[in-house]
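To start, the structure itself, in structure tokens.
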Amino acid sequence: MEAVLFGHNRPDRAVTFDEYCAEGGFAALRRALAELSPAEVQQAVIDSGMRGRGGAGFPTGKKWSFVPRNLPGPRYLICNCDEMEPGTYKDRILLEKNPYLLVEGMALASYALGVQHAFVFIRRGYEQAARNLRRSVAEALSAGLLGDRILGSGFSLELDLHQSAGRYICGEETALMNALEGKRANPRAKPPFPAIKGLWGQPTVVNNVETLANIPAIISQGPAWWKGQGATPEAAGTKLFCVSGHVRQPHCMELPLGTSLGEIIDGPCRGMRPGSVFKACIPGGASTPYFTGEHWQVAMDFDPVAKAGSRLGTGGIVVFDQNTCMVAATLNLIRFFARESCGWCTPCREGLPFVRHTLEKIENGYGAADDIEILREHVHQLNYAFCALAPGAMGPLEGLLRLFEDELREHISARTCPFKTR
């Protein structure tokens, strides 16, 4: 595998504009504007088979194709950097190390989509990433790589940075657009979908930082080369995995998509901490069902992870050892989601606090056997929420009920957390 996203990285600082350009940076943009039509850039992304790296995994080129060419008025591109999924920090690392990759990727995507005004919607706490991005935009503008008639072509692009007010719901693309418009950050009804009626009622595409940062390599090296960086014939490209928890070396790494869970933990993470034995992990961010030791050989790719009962999501892997109480771990996640609900719909507004209360009862020794079926019913019922927040929150609870029901029953029968006495 050749590094697609981390190839320009320096160990202790961000890459500079001159270094990025000297190592081939903005060559893809130069080539696209000189040799390729917008349709050809879009087709290259379709041919690459890239699926969005923000969590949903929808094919990027297909998403772009939904934007109609014949509607009057402007269209917009938004980069979603409101990275508030617990266990996920890849976009922050990417922007702290090399913000130019995102700037070039957004310019290419905007060219393909016919966009003249693009936005980066960034998490409030990402101060260093925001500073780096502002500097990179100013440098690109000064070099004629943004602004009016880029590189003497007929393509112009204005790129603005907006810092979020800091709520998890802002990561949902329609809530993000409401927030960007200065409205309450709640999801919008679909249809109409953003590709038809998005920001300020105009066609809009929302892509993740990691997704857009892959575009320069696809254009400069070709879709076949990019696709070949995966670990298996079915896996396209590389993936940023964020590993935290009970491993020797937690960090963010770029690996071939399709690398197995065991290879990630035993390889770059150097295995478990001394005295720790692998018990479970969240494989794709806080809103994904758990994996256990039986999933050690699962290829970390969209379809294999889904077939194994979870989701690849953002690639945020949180590892738990044998001393972890899975009921307490699930309760911690549900508390987060209950707090971050926007309150727009009843299943999320009322259901998540009820699930939190039920788990708190069990964890504190007041649970009853009927609570298990009540929790199971909520996993089903909360799938009828207005957006994906509540169904996502049910991911770890579903994993708890499916993989750790015995531990849950032990909590209830012992009237205490068994792990507190070990």
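Results, tabulated for the structure shown:
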| item | result |
| --- | --- |
| Residue tally, condition out of contact with any helix residue (DSSP H, G or I) (no Cβ under 8 Å at 6 or more places or on another chain) and among the hydroxyl-bearing types (Ser, Thr, Tyr), over the stretch 110-148 | 2 |
| Check on Ile122, farther than 30 Å from His246 by Cα and outside the structural domain of Tyr290 (by TED's automatic domain parsing) | no |
| Residues of the stretch 251-310 satisfying the condition of being of a type in the set (Asp, Glu) and either in contact with an Asp or Glu (Cβ under 6 Å, 6 or more places away or on another chain) or farther than 16 Å from Gly55 by Cβ (or both) | Glu254, Glu263, Asp266, Glu294 |
| Condition broken by Gln297, with the remaining ones in (1) polar (S, T, N, Q); (2) outside any helix (DSSP H, G or I); (3) surrounded by 16 or more Cβ atoms within 10 Å (Cβ to Cβ) satisfied | (3) |
| Residues of the stretch 270-290 that turn out to be in contact (Cβ under 8 Å) with a residue 40 or more places away in the chain, crowded, with 16+ Cβ neighbours inside 10 Å and not charged (D, E, K, R), as a count | 12 |
| Contacts under 8 angstrom Cβ, first residue in the stretch 155-170 being touching a residue at least 24 places away in the same chain (Cβ under 8 Å) and of a type in the set (Phe, Trp, Tyr), partner outside any strand (DSSP E or B) and surrounded by fewer than 16 Cβ atoms within 10 Å (Cβ to Cβ), 6 or more apart | Phe155/Arg149 |
| Flag for Thr238 being out of contact with any His (no Cβ under 7 Å at 6 or more places or on another chain), closer than 21 Å to Gln42 by Cα and either surrounded by fewer than 23 Cβ atoms within 10 Å (Cβ to Cβ) or at pLDDT 95 or above (or both) | yes |
| Residue that is surrounded by the most Cβ atoms within 10 Å (Cβ to Cβ) [pool: residues in the stretch 224-234 that are over 21 Å from Asp91 (Cα atoms) and in contact with a strand residue (DSSP E or B) (Cβ under 7 Å, 6 or more places away or on another chain)] | Ala231 |
| Sole exception among (1) touching a residue at least 60 places away in the same chain (Cβ under 8 Å); (2) within 22 Å of the chain's Cα centre (by Cα) for Ala143, by number | (2) |
| Options Leu333, Leu312: the member that is at pLDDT 95 or above and more than 23 Å from Ile372 (Cβ to Cβ) | Leu312 |
| Qualifying residues in the stretch 251-267 (those that are in a loop (DSSP other than H, G, I, E, B) and surrounded by fewer than 18 Cβ atoms within 10 Å (Cβ to Cβ)) - the one farthest from the chain's Cα centre (by Cα) | Gly267 |
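The values are calculated or read from the model by the stated rules, or taken from the named source; none is laboratory data. Just so it is clear, the structure is predicted and the values come from calculations on it, not from any experiment. No Cβ is skipped: glycine too gets one built from the backbone with ideal geometry, and neighbour counts run over all protein chains shown.
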